[in-house]
Amino acid sequence: MKKKPAEGICYLVGAGPGDPGLLTLRGCECLRRADVVIYDYLSNPELLRFAPESAERIYAGKIAGQHAIHQEETNGMLIKFTRAGKCVVRLKGGDPFLFGRGGEEAVALAAAGLRFEVVPGVTSAIGGLAYAGIPVTHRTSNSMLTIFTGHEGPGKDTSSIDYKAIASAPGTKVMLMGLKNLATVTRELTCAGMSESTPAALVSNASMGRQQTIVGTLGTLAELAKANESGTPAMAIFGEVVNLRGSLNWFENRPLFGRRIAVTRSRTQVSGLLEALRELGADAYELPTIRIEPPREKTAFVEALADVRSYDWIVFTSPNGVEAFFNAFYTAYEDARELGGARLAVIGGGTAKKVREYRFGIDLIPKEFVAESLLKEFKKLNVEHLRILLPRAAGARELLASELENLGAIVDDVPVYETVPERVDVAGGMRRFREEGADMISFTSGSTAINFMKLGLPMPEGIKTASIGPVTSGELRKLGLPVDLEAPQHDIPSLVEAIRRFFTISN
Ligand code: SAH
């Protein structure tokens, strides 16, 4: 049930350090009911997909060195929308109350007499470092934690940071912000009495696929950071705990860590590919190329549904087809038995899974997940005069329908959904592809390939392509793209395994 407060409210939500899985349940709940989301540069834009499509999304981030929007403007927006009765989510990187100016925003809302709530988040200073295999405290060595900012606003006096106090505090020190001041900060800490040999690390993009960790000492870290051209956001940590990374570096040791893979996928399609690649440590991001929409021509679908009990077989060829079919079926009928006695055939493990989600069993699934293989099975059965429904994508291959007709079946080839090019870059995938490129790009259907080409994005040099099966590969070749890898079983788990092998062997 969607409950909306009668008066406006602003939730200051911690987005965590980057891994979308580190958003809290409460944070997700707030996003789901948002009318407006105001997000900053450090909050992962992928989280925006939890907000309703209709929610207004406003970027209020700072880009290093320049202010996209001034703090006063952000405060002003929070107040304006909340006062107008909206449910506002202010999404901030890490925890909103640690160096995030979340305190200032809360004060502004309180001063305006408006309702607000704070949803704490996983801070980069603790959770982000855990992804680099560094616990911020450790019983035998570090039992105290100092978090400080290395950021010196222009014109600010350097003495605003009390290096003596930081250096003399026992335990771990974590520096947020101010990567460009790292040389000054490490020098000051050394002058203030910390040993140059104190273990130190710089972690950038913590908890994301592109996380990078540089390990050195207080004396060497600044040089190393410069030589490695460390990206932002980055934080530095000083203390014996850094040594634990040697045995605790779980995140960066995963098989696909550091591999940047663009996954072309429809935004509304439940994928599993992105998650599976990330599970293996890949820096996988989604390139939304297609969107699933109801078919423009609906008559055939409506007629097929009205007459659904008359079919002997229903053949599903994609998870989208299953979803579109059953969504409409359950809109038309209350009772699952209205499907009648039709037997169900599917192509592909993902399609089968979707059918089972609707609590229907499967009568036929060919070993190979292509239409030709299904036809072979149908040839063994006698389908003469049998009525077969093919609920499919508009513009799908004709082969299956015509071959079934050649076997004497009466076929209704019915478009139940349509794939159209995606134009909205909500999670920033298109921007990433353009700016950072990728080591590999995956295609899970012919239409993802066709629609990817329609986006007109430049192909990064040396990029490899991964295809889910021969039909998709054929489409890729037609479009002039090479096929570096093809899933032997033409489904997502097989594609994931092929990608893992590709990188572990070619490495
Ligand atoms: N409220 C945030 C911190 C905001 S200050 C939190 O709790 O994490 C911004 C600084 O946090 C950055 O300059 C950087 O030092 C650090 N930071 C935030 N996210 C980070 C990440 N994913 N990896 C490394 N550092 C990060």
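Derivation of every value follows stated rules applied to the coordinates shown; laboratory data play no part. Worth saying up front: this structure is predicted, and the values here are computed from it rather than measured. Glycine gets a Cβ as well: all are built from the backbone with ideal geometry, and neighbour counts include every protein chain shown.
Using DSSP, restrict attention to beta bridges with both residues in the stretch 126-248 and report what percent are antiparallel, rounded to the nearest 5. If you can, show how the numbers build up before the last one.
Working: 16 of 21 bridges.
Around 75 percent of the beta bridges assigned by DSSP in the stretch 126-248 are antiparallel ones.
Quick check on my link table: of 298/354; 92/353; 353/379; 226/464, which ones sit more than 28 Å apart, alpha carbon to alpha carbon? Show your work: numbers first, answer last.
Working: 298/354 22 Å; 92/353 37 Å; 353/379 25 Å; 226/464 30 Å.
The pairs that break the limit, which is 28 Å between Cα atoms, are 92/353; 226/464.
With only Lys, Arg, Asp and Glu charged, each at its Cβ (+1 for the first two, -1 for the last two), find how big the charge dipole of the stretch 9-122 is about the Cα centre; round to the nearest 20 debye. Before the final figure, lay out the partial values.
Numbers: 13 positive and 13 negative charges, 47 e Å.
Charge dipole of the stretch 9-122: 220 debye, to the nearest 20.
Could you name the aspartates and glutamates whose alpha carbon sits less than 17 Å from that of residue 380, not counting residues in the same chain fewer than 8 places away?
312, 363, 368, 372, 403, 405
How high is the relative contact order of the chain, given as a whole-number percent (alpha carbon pairs under 8 Å, six or more residues apart)? Can you show the working numbers first?
Details: 1044 pairs, mean separation 56.6, N = 507.
11 percent.
Given the options 130, 151, 185, identify the residue whose Cα lies farthest towards the positive end of the charge dipole of the stretch 126-248 (+1 on Cβ of Lys, Arg; -1 on Cβ of Asp, Glu).
Positive-most Cα among the choices belongs to 130.
Consider a paramagnetic label point 7 Å from the Cα of residue 387 along Cα→Cβ; state which residues of the stretch 306-336 have an amide N under 14 Å from it.
Under cut-off, by backbone N: 306-315.
Could you state the angle between the C-alpha long axis of helix 71-83 and the longest principal axis of the C-alpha atoms of the chain, as a value from 0 to 90 degrees rounded to the nearest 10?
Around 50 degrees separate the two axes.
Could you tell me how many degrees, from 0 to 90 and to the nearest 10, lie between the Cα long axis of helix 446-455 and the main elongation axis, the longest principal axis, of the Cα atoms of the chain?
Tilt relative to the chain: about 50 degrees.
What aspartates and glutamates does residue 80 reach when the alpha-carbon gap must be under 20 Å and sequence neighbours fewer than 8 apart in one chain are set aside?
Filter leaves 7, 35, 40, 56, 72, 104, 105, 117.
Report, by chain and number, residues whose modeled amide H sits under 5 Å from the one on residue 136, excluding near sequence neighbours (fewer than 5 apart, same chain).
HN-HN under 5 Å from residue 136: empty list.
For residue 56, enumerate residues with amide H under 5 Å from its amide H, sequence gap 5+ or separate chain, H modeled in the peptide plane.
36, 37
Of 119, 389, 203, which is farthest towards the positive pole of the chain's charge dipole, taken about the Cα centre with +1 and -1 on the beta-carbons of Lys, Arg and Asp, Glu respectively?
With unit charges placed on the Cβ atoms, the residue in question is 119.
Can you list the HN-Hα couplings for the stretch 365-374, worked out from phi with the Karplus curve (6.51, -1.76, 1.60; θ = phi - 60°), rounded to whole Hz and with x for Gly and Pro?
9, x, 4, 8, 8, 9, 4, 4, 5, 5
From the square roots a ≥ b ≥ c of the eigenvalues of the alpha-carbon gyration tensor of the chain, which class results: rounded (a/c under 1.5), prolate (a/b over b/c), or oblate? If you can, show how the numbers build up before the last one.
On the way: a/c = 2.79, a/b = 1.84, b/c = 1.52.
Prolate is the answer for the chain, as a/c is 1.5 or above and a/b outweighs b/c.
Just to be sure I understand the model, the point goes 7 Å from the Cα along the line to the Cβ. What's the resulting residue 220 to residue 299 distance in nm?
7.6 nm
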